[in-house]
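J.: First, the structure itself, so that you have it in front of you.
Rule-based calculations on the coordinates, nothing more; no lab input. Everything numeric in this text was worked out from a predicted model, so none of it was measured. All Cβ positions, even for glycine, are placed from backbone atoms using ideal geometry, and neighbour counts span all protein chains on display.
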Amino acid sequence: MRLTTKGRFAVTAMIDLALRQGKGPVTLSAISERQEISLSYLEQLFGKLRRHQIVESVRGPGGGYNLARKAADVSVADIIIAVDEPLDATQCGGKENCHSAAHPGGTRCMTHDLWSTLNEKMVEYLDSVSLQDLVDQQKEPKPTEHRAADSQSVVVMHRPQAAA
């Protein structure tokens with residue numbers, strides 16, 4: 001299961017917005033340029049964020065967007081849920097009809113509880129990370145500006161093979 005660009009872009013744009021709070025409204029075109037995210041895509045995302053009262057819009061000359069509440073009071077889960085990002089590792093979407101989604105009486109798969117628990121843990125973790133936490137991370141000095149070419153930010157897990 002992977003987070004789609006919808007969730008990634010929404011969180012990235014919100015960090016950009018939060019970094020500039022206190023300096024007046026931030027335009028989506030400025031976020032679009034800085035983060036290389038399509039302006040029309042940002043407009044869709046920010047419409048949803050506004051409806052969930054995470055951002056507020058300011059109309060007119062010098063208008064744009066501000067946070068509707070403090071960055072410390074906005075969790076990553078709030079952002080992802082607001083933009084309708086599915087956080088579901090189950091095959092059935094939580095309907096417990098994994099084996100036959102086309103039939104209402106379908107049975108759930110043997111690993112349903114495993115994936116359902118993973119869903120709960122993901123939401124729990126994302127709810128524990130605030131937008132302010134992410135802003136603070138951006139403000140911390142980085143040891144090196146660029147990662148080494150051979151370093152990875154993706155964790156790949158391997159278990160040692162048992163000797164035959």
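J.: Which ³J(HN,Hα) values in Hz, rounded to whole numbers, follow from the phi angles of the stretch 76-89 under the Karplus curve 6.51 cos²θ - 1.76 cosθ + 1.60, where θ = phi - 60° and Gly and Pro get x?
T.: Working through the residues one at a time gives 4, 4, 4, 5, 5, 5, 4, 8, 6, 6, x, 10, 9, 8 Hz.
J.: Return the subset of 6/121; 70/121; 6/48 for which the Cα-Cα distance in this structure is over 22 Å, preserving the input order.
T.: Cα-Cα > 22 Å for 70/121; rest within.
J.: What are the ³J(HN,Hα) values, in whole Hz, obtained from phi via the Karplus relation 6.51 cos²θ - 1.76 cosθ + 1.60 with θ = phi - 60°, for each residue of the stretch 15-24 in sequence order, with x given for Gly and Pro?
T.: After applying 6.51 cos²θ - 1.76 cosθ + 1.60, I find 5, 4, 4, 5, 5, 10, 5, x, 10, x Hz.
J.: Determine, for each peptide in 127-139, 45-57, 74-86, the mean count of other beta carbons within 10 angstrom over its residues, then list the peptides with the highest first.
T.: 74-86, 45-57, 127-139
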